[in-house]
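Reading through the structure tokens given below for one structure.
The values are calculated or read from the model by the stated rules, or taken from the named source; none is laboratory data. These numbers were taken from a predicted model, which means no experiment stands behind them. All Cβ positions, glycine included, derive from the backbone under ideal geometry; neighbour counts span all protein chains shown. What goes into the accessible areas is simple: the full protein's heavy atoms, side chains included, and nothing from ligands, DNA or RNA. Shrake-Rupley method; radii C 1.70, N 1.55, O 1.52, S 1.80 Å.
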Amino acid sequence: MRVPSLIFGLCLLSATSVFAEKAIPIVYYSRAAPDYKRKPGPDGKPAAEYYALSYGGKIDGTTWNDGFSKDDYPKIAGVVAEYLAKQNYFYATNAADAKLLLVLNWGQTLPANQGNFSQQVNDLGAALNTMKDVLANAPAPPDTSSQEAAAGAAEQAAAQQQAEQQAADALNSALAGMELENSARDRRNEEIARILGYVDEMRNMSDLGGFAGTDRFTIMRNELEDPRFYIVLTAYDFKEATQKGKRKILWTSRISIDTRGNDFMGRMQQMIARAANSFGENTRRLVRERIGEVEIGEAIVVGTEDPDEAQKP
């Protein structure tokens, strides 16, 4: 594993300014590896752990638009460090003290192309209408009262058969295109679900049955199909990463909000603040939080799968 440049003892930027509160839904999911346990300190709270912080940029398959810049990294890192400190995580002043290698990713998701999907739906609708019209215009029973009439009826029947075959071919093509588009859409949704932390809950809702049609499942699916701003903070074992080149994930926190009506840098601190209490912990489910309101998902057992395998950043 190539270890990015690390920052030790970074001077925190001022991140304590009061930010405007707005009732926007912030969704987050945190998961810790089964063998990651924080030792209690003298006051009963988790003992201090020290980390190095690394720039991760955007995750593959996501984007940075005009509102994103690598130059924002120090500001985002400063806010992350402020809220990590409230959970007794602190910058290491040197490599010997570091237990965690934290990688910070942020960006915007890129959902499946809705234009392509809409066009495919239109093509399927047109093919269905064509087939309906062809069948509706089928000729009346043939007149066989004379040889001339029978010949005309045979010609008309052949033309009808050809029209039906062409309509059937167009319909089959549209159905095949719709199936391909749905498959591409599902694959893209799953990729985004991994980035945002939706995988476990949606998968378990589907496996248990009876949940896929619920409002909550629909809300989650719709969120995956709309662009979302995200922040992903991943904690690797520092020694495993730097000395052995192994990517051993100890914990991951994934935070996101809808892009509509929001500016990423204007909401960044609010996103981190809402999820900070879950750093290094297991939320065990997707949490959707507004100011003064927390909505927690169905009580679903998600198992003890290594987060490195379950959801890679």
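Key figures
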| quantity | calculated |
| --- | --- |
| Residues within the range 253-265 that are open to solvent by 10 Å² or more (accessible area, probe 1.4 Å) and closer than 20 Å to G57 by Cβ, tallied | 3 |
| The range 280-289 - residue that is in contact with a Ser or Thr (Cβ under 8 Å, 6 or more places away or on another chain) and open to solvent by 50 Å² or more (accessible area, probe 1.4 Å) and, of those, farthest from N222 (Cα to Cα) | E281 |
| Pair list, Cβ < 8 Å and 6+ apart or interchain, from the range 213-232 residues that are open to solvent by 50 Å² or more (accessible area, probe 1.4 Å) to residues that are modelled with pLDDT under 90 | R221/N189; R221/M202 |
| Residue in the range 269-279 that is assigned to a loop (DSSP other than H, G, I, E, B) and surrounded by 17 or more Cβ atoms within 10 Å (Cβ to Cβ) present | yes |
| Test for Y55: is it aromatic (F, W, Y), part of a loop (DSSP other than H, G, I, E, B), under 21 Å from G197 (Cα atoms) and in contact with a strand residue (DSSP E or B) (Cβ under 9 Å, 6 or more places away or on another chain) | no |
| Among residues of the range 89-108, those that are open to solvent by 40 Å² or more (accessible area, probe 1.4 Å) and either of a type outside the set (D, E, K, R) or without any contact (Cβ under 8 Å) to a residue 40 or more places away in the chain (or both), counted | 5 |
| Close pairs from the range 44-60: first more than 12 Å from N105 (Cβ to Cβ), partner open to solvent by 60 Å² or more (accessible area, probe 1.4 Å) and part of a strand (DSSP E or B), Cβ under 8 Å, at least 6 apart | P46/P40; A47/P40; A48/F90; E49/F90; Y50/F90; Y51/F90 |
| Residue list for the range 42-88, filter: touching an Asp or Glu at 6+ places or on another chain (Cβ under 8 Å) and at pLDDT below 95 | G61, G67 |
| Options E164, E190, E181, E155; residue that is of a type outside the set (S, T, N, Q), at pLDDT below 75 and either open to solvent by 40 Å² or more (accessible area, probe 1.4 Å) or within 49 Å of the chain's Cα centre (by Cα) (or both) | E181 |
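Results for (1) assigned to a loop (DSSP other than H, G, I, E, B); (2) in contact with a Gly (Cβ under 8 Å, 6 or more places away or on another chain); (3) of a type in the set (V, I, T); (4) open to solvent by 70 Å² or more (accessible area, probe 1.4 Å), shown as yes or no for each residue.
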residue: Y29; (1), (2), (3), (4): no, yes, no, no
residue: D35; (1), (2), (3), (4): yes, no, no, yes
residue: P42; (1), (2), (3), (4): yes, no, no, yes
residue: I76; (1), (2), (3), (4): no, no, yes, no
residue: L84; (1), (2), (3), (4): no, no, no, no
residue: P111; (1), (2), (3), (4): yes, no, no, no
